[in-house]
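Here the structure comes first, spelled out in structure tokens, and everything after it is commentary.
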Amino acid sequence: MTFEDLLQRAASLVRPGRRALLGITGSPGAGKTTLAERLVRGLNGDGPVWVAHVPMDGFHLADGELDRLGRRDRKGAPDTFDAAGYAALLRRLREDEDDVIYAPGFERTLEQPLAGAIPVPRTARLIITEGNYLLLPDDAWPRAKAQLDEVWFCELDEAERVRRLVARHEEFGKDREAAVAWVLGTDQRNADLVAATRDRADLVVRAAVIGGGGPVRVPPTHRPRDRRSTR
């Protein structure tokens, strides 16, 4: 499988008159965001925006709420997200009844969600969403998966995944010791949960296929002729 194959498969999810939603999951640090961003760049190319990226991370509970619930020390676990709110947003995107839908983002430096940070215009016919828990069978997560046409699972060599994750935590403020402790503790428990969902994915994407972050051109034949809703 090549990255070009992924572009074709993602574009083929779109049908006339309906918006498509593609989910990307995988353990922390496996390359979900990299894959989502490359797909968006490759499919949109230099033309009008018809593919949007809506990460799950905007549904992190705020630190104040995590403190109230006593969950701050395991931030990133499934119950530290508003899974029901995420499912509701995906349903609203699927229903495609508004000219623009605002999704929350996530500020890595602050480690806090930001309301209304991502506008999704009506012209977006494919929504790519990514997060750790899209295939979990518990709580409200199945309601989120029910809105997705496909879910792809990112897989990366474990040692490299851990290395990247430690580097990410250091980049956003943790010292080396704290970063390693968090990755091997909280993050690893979450990674084990996610790894157990691998067999539920429609497609497993290896790291070698994701490749680097350079631009990818998608041929016009991969683009829906009509990017507008028929409503």
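The values are calculated or read from the model by the stated rules, or taken from the named source; none is laboratory data. No experiment lies behind these values; they were computed from the predicted model shown. In this analysis, Cβ positions are derived from the backbone assuming ideal geometry, glycine residues included, and neighbour counts consider all displayed protein chains.
Some notes on this structure:
- Condition check for residue 113: in contact (Cβ under 8 Å) with a residue 24 or more places away in the chain, buried (at least 16 other Cβ atoms within 10 Å of the Cβ) and not small (Gly, Ala, Ser): yes
- When 39, 22 are checked against the criterion of being in contact (Cβ under 8 Å) with a residue 12 or more places away in the chain, assigned to a strand (DSSP E or B), surrounded by 20 or more Cβ atoms within 10 Å (Cβ to Cβ) and aliphatic (A, V, I, L, M), a single residue qualifies: 22.
- Under the condition of being assigned to a loop (DSSP other than H, G, I, E, B) and in contact (Cβ under 8 Å) with a residue 12 or more places away in the chain, the residues counted in the range 54-83 number 8.
- Leading residue by the ranking (modelled with the lowest pLDDT) among those in the range 184-216 that are surrounded by 12 or more Cβ atoms within 10 Å (Cβ to Cβ), in a loop (DSSP other than H, G, I, E, B) and of a type outside the set (Ser, Thr, Tyr): 216
- Verdict on residue 197 being farther than 22 Å from residue 111 by Cα and in contact (Cβ under 8 Å) with a residue 60 or more places away in the chain: yes
- Test set (1) more than 23 Å from residue 158 (Cα to Cα); (2) surrounded by 20 or more Cβ atoms within 10 Å (Cβ to Cβ); (3) at pLDDT below 95 - residue 73 fails condition number: (2)
- Only one entry of 1, 56 meets the criterion of being closer than 24 Å to residue 157 by Cα, surrounded by fewer than 20 Cβ atoms within 10 Å (Cβ to Cβ) and aliphatic (A, V, I, L, M), and that entry is 1.
- Residue selected from the range 92-109 under the condition out of contact with any helix residue (DSSP H, G or I) (no Cβ under 8 Å at 6 or more places or on another chain) and loosely packed, with under 15 Cβ neighbours inside 10 Å, by the criterion farthest from residue 148 (Cα to Cα): 109
- Candidates 167, 159, 144, 178, filtered to the one that is assigned to a helix (DSSP H, G or I) and crowded, with 20+ Cβ neighbours inside 10 Å: 144
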